[in-house]
Amino acid sequence: MDQILQTLRSLDGVLELAPGPGSAFPELAWGDHFFYYAPDGRLPEREQPFATVVTKDYPDDTGSALDPPGRWRLNIHAGRGALAALASDPDRADPTDHAAADVVLPHPVYGAQGWVAVVNPGERTRSLVARLLRQAHADAVRRTERRPRIPLPDPAGGVE
């Protein structure tokens, strides 16, 4: 996991949200990591992360069997086009076995929205995961640059 986190942290303009004790985020999210493109260093209000690392099962997402020690999952917003390419790969593992390690699969809950998931990425998926992460970051940059900048109110009463 450290190598994936290091790779994500090295991307330009990335903001990492890593909730823990004492944060404003629910305990369920503690220990997980959420990566946004946010060159201004502020958490985007209307943007989803482009990648996440989860370290446990969530109530509506247990198919990856993440609760045993040492299991975690990388989630990447790869887009529907990447999902279509993965689906056409004849060497791909069973797409319904979301607990399989080191296999890129549609996300068990958000696959239809263009998310892929890899439980304990390793040697088999290293190059594909790196490519998908770079593409997800580039897509997030493009979305941000396309969006018009709306001035936010300044706490002193003006507009920034």
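Which of the residues that make up the stretch 8-48 are under 12 Å from the mean Cα position of the chain (by Cα) and either among the aromatic types (F, W, Y) or at positive phi (or both)?
Result: F34, F35, Y36, Y37.
Would you mind telling me which numbered condition in (1) in contact with a Lys or Arg (Cβ under 9 Å, 6 or more places away or on another chain); (2) buried (at least 20 other Cβ atoms within 10 Å of the Cβ) V129 fails?
Single failed check for V129: (1).
For V109, only one of the following conditions fails: (1) β-branched (V, I, T); (2) surrounded by fewer than 19 Cβ atoms within 10 Å (Cβ to Cβ); (3) assigned to a helix (DSSP H, G or I). What is its number?
Among (1) β-branched (V, I, T); (2) surrounded by fewer than 19 Cβ atoms within 10 Å (Cβ to Cβ); (3) assigned to a helix (DSSP H, G or I), the lone unmet condition for V109 is (3).
Which ones in the stretch 35-76 are among the small types (G, A, S) and surrounded by 21 or more Cβ atoms within 10 Å (Cβ to Cβ)?
First, the residues of the stretch 35-76 that are among the small types (G, A, S): 38, 41, 51, 63-65, 70.
Residues satisfying the conditions are A51, S64.
Which one of these does R80 not meet: (1) touching a strand residue (DSSP E or B) at 6+ places or on another chain (Cβ under 9 Å); (2) surrounded by 11 or more Cβ atoms within 10 Å (Cβ to Cβ)?
The one condition R80 does not meet is (1).
What are the residues in the stretch 16-58 that are closer than 28 Å to H98 by Cβ, touching a residue at least 12 places away in the same chain (Cβ under 8 Å) and either part of a helix (DSSP H, G or I) or aliphatic (A, V, I, L, M) (or both), if any?
Across the stretch 16-58, the qualifying residues are L17, A18, L28, A51, V53, V54.
So that you can scan it fast, the table gives a plain yes or no per residue for (1) of a type in the set (G, A, S); (2) at pLDDT 90 or above:
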{"site": "D91", "(1), (2)": "no, no"}
{"site": "A100", "(1), (2)": "yes, yes"}
{"site": "V116", "(1), (2)": "no, yes"}
{"site": "L128", "(1), (2)": "no, yes"}
{"site": "R142", "(1), (2)": "no, yes"}
{"site": "E145", "(1), (2)": "no, no"}
{"site": "I150", "(1), (2)": "no, no"}
{"site": "G157", "(1), (2)": "yes, no"}
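The values are calculated or read from the model by the stated rules, or taken from the named source; none is laboratory data. Being a predicted model, the structure only gives us computed values, none of them experimental. A quick note on method: Cβ atoms are made from the backbone with ideal geometry, for glycine too, and the neighbour counts reach across all protein chains shown.
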